[in-house]
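Undergrad: Quick one: the structure is below, and I'll ask about it shortly.
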Amino acid sequence: MLTVALSKGRILDQTLPLFAAAGIEPAADPAASRKLILDSNHHDLRFLVVRPADVATYVQYGAADAGVVGKDLLMENGGEGLYELLDLGISRCRMVVAEPAELAAGDDPSRWTRLRIATKYPNITRDHFAAKGVQTEIIKLYGSMELAPLVHLSDRIVDLVDTGSTLRANGLVEIELIADITARLVVNRASMKLKSSPLGTMIADLKAAVAAASAA
Ligand code: PRP
């Protein structure tokens, strides 16, 4: 039996068509069902439906053999005990530094020495600025980071940007790119050895689906 952990929320809308293109479909709609373990159209494959931030934990401990998780969470939390095997090319977005447009007008990132930053991603933020020799005071938030500069909680934010509409709606602009982000297929290291045949088949089928989607 293969157990695959799926991230709930927006990422699920793009994950399910990719798995369907690889011939794998849950028995019920995970977005609608309250069940947390779902059978699939393969008798030897089932899905877990978990919060995005928990997917890597299920896979690390072997409670799931594989999982779908954003690169942002892998960067933030580390990827111990798992292999990052496939860039699924979905949930594409950017991790950026953003700030109010009026600050950006006279700002020069090469002159930054000390910044006060609000973010849900303290480790990514610390690592990014430490590598540039910029000191940071990091204020940890759990969402709606765009609010922080508007009420002077911070000068800048580190956050994910997709369409840019949340930044625009709040008078913020991107000033620096940290990383391009997509969802990844991660696999438990022991499962890779013990279940290499069914995992290999699933990975090959997903690879073909990713290639077909990128060619479309
Ligand atoms: C994410 C992200 C931005 C927004 C970016 O937030 O943190 O706020 O989406 O998308 P856009 O560029 O298309 O506007 P999410 O909606 O996941 O909620 P959160 O603020 O609670 O993290």
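Undergrad: Tell me the Rg and the Dmax, in Å, that the Cα atoms of segment 37-126 produce.
TA: Here Rg and the maximum Cα pair distance are 18.3, 60 Å.
Undergrad: Between residue 94 and residue 13, what FRET efficiency follows from the Cβ-Cβ distance if R0 is 22 Å, with the result rounded to 0.05?
TA: It comes to 0.70.
Undergrad: Still on this structure: Given the -39500 (n - 2.57) contribution per DSSP H run of 4+ residues, what per-residue ellipticity at 222 nm results for the chain, rounded to the nearest 500 deg cm²/dmol? If you can, show how the numbers build up before the last one.
TA: Details: 9 runs with 74 residues, N = 216.
For the chain, the value works out to -9500 deg cm²/dmol.
Undergrad: Whole number please: convex hull volume per residue of the Cα set in segment 91-189, in Å³? Mind showing how you got there, number by number?
TA: Numbers: hull volume 10.9 nm³, N = 99.
Once divided by residue count, the hull of segment 91-189 is 111 Å³.
Undergrad: Among residues other than residue 200 whose Cβ falls under 15 Å from its Cβ, what is the net charge (Lys/Arg +1, Asp/Glu -1)? Show your work: numbers first, answer last.
TA: Values: positive: 189, 193, 195, 207; negative: 44, 65, 205.
Net local charge, residue 200 excluded: +1.
Undergrad: Can I ask one more? Rounded to the nearest 0.05, what FRET efficiency do residue 174 and residue 53 have when you use their Cβ-Cβ distance and R0 = 30 Å?
TA: 0.80
Undergrad: How far apart, in nm, are two points set 7 Å out from the Cα along the Cα-to-Cβ line at residue 153 and at residue 87?
TA: So the two model labels end up 3.3 nm from each other.
Undergrad: Calculate, in nm to one decimal, what residue 182 and residue 214 gain on full extension: separation in residues at 0.36 nm each, minus their alpha carbon distance.
TA: 10.2 nm
Undergrad: Could you tell me which helices of the chain pass both thresholds, a Cα extent of 20 Å or more along their own axis and a mean Kyte-Doolittle hydropathy of at least -0.5, with helices taken as whole DSSP H runs?
TA: Membrane-span-like by this rule: 196-215.
Undergrad: Set the Förster distance to 25 Å, then compute FRET efficiency between residue 194 and residue 42 from the Cβ-Cβ distance, nearest 0.05. Walk me through the numbers on the way to the answer.
TA: Numbers: r = 18 Å, r/R0 = 0.72.
Taking R0 as 25 Å, the efficiency between residue 194 and residue 42 is 0.90.
Undergrad: Cα centroids of segment 27-63 and segment 161-187: how far apart, whole angstrom?
TA: First find each Cα centre; the distance between them is then 26 Å.
Undergrad: Mean projection of the alpha-carbon convex hull of the chain over all orientations, in nm²?
TA: 13.1 nm²
Undergrad: Counting trypsin sites (Lys or Arg not before Pro) as exposed when in a DSSP loop with at most 14 other beta carbons within 10 Å, what is the longest stretch of the chain free of them?
TA: Working: sites that count: 34, 35, 92, 132.
Of all site-free stretches, the longest is 133-216.
Undergrad: Within segment 2-31, list the residues whose amide N lies under 16 Å from a label point set 7 Å along Cα→Cβ of residue 63.
TA: 3-8
Undergrad: Right, something else. How do 42, 128, 152 rank by accessible surface area computed with a 1.4 Å probe, from largest to smallest?
TA: Final ranking, largest accessible area leading: 152, 42, 128.
Undergrad: For the pair residue 165 and residue 21, how long in nm is the line joining their label points, each one 7 Å along Cα→Cβ?
TA: 2.3 nm
Undergrad: Right, something else. What stretch of the chain, leaving out the sites themselves, is the longest with no chymotrypsin sites (Phe, Trp or Tyr not before Pro) in a DSSP loop having at most 12 other Cβ atoms within 10 Å?
TA: Excluding the exposed sites themselves, the longest stretch runs over 62-141.
The values are calculated or read from the model by the stated rules, or taken from the named source; none is laboratory data. In this text, all values refer to a predicted model and were calculated from it rather than measured experimentally. We place every Cβ from the backbone using ideal geometry, glycine too, and count neighbours over all the protein chains shown. What goes into the accessible areas is simple: the full protein's heavy atoms, side chains included, and nothing from ligands, DNA or RNA. Shrake-Rupley method; radii C 1.70, N 1.55, O 1.52, S 1.80 Å.
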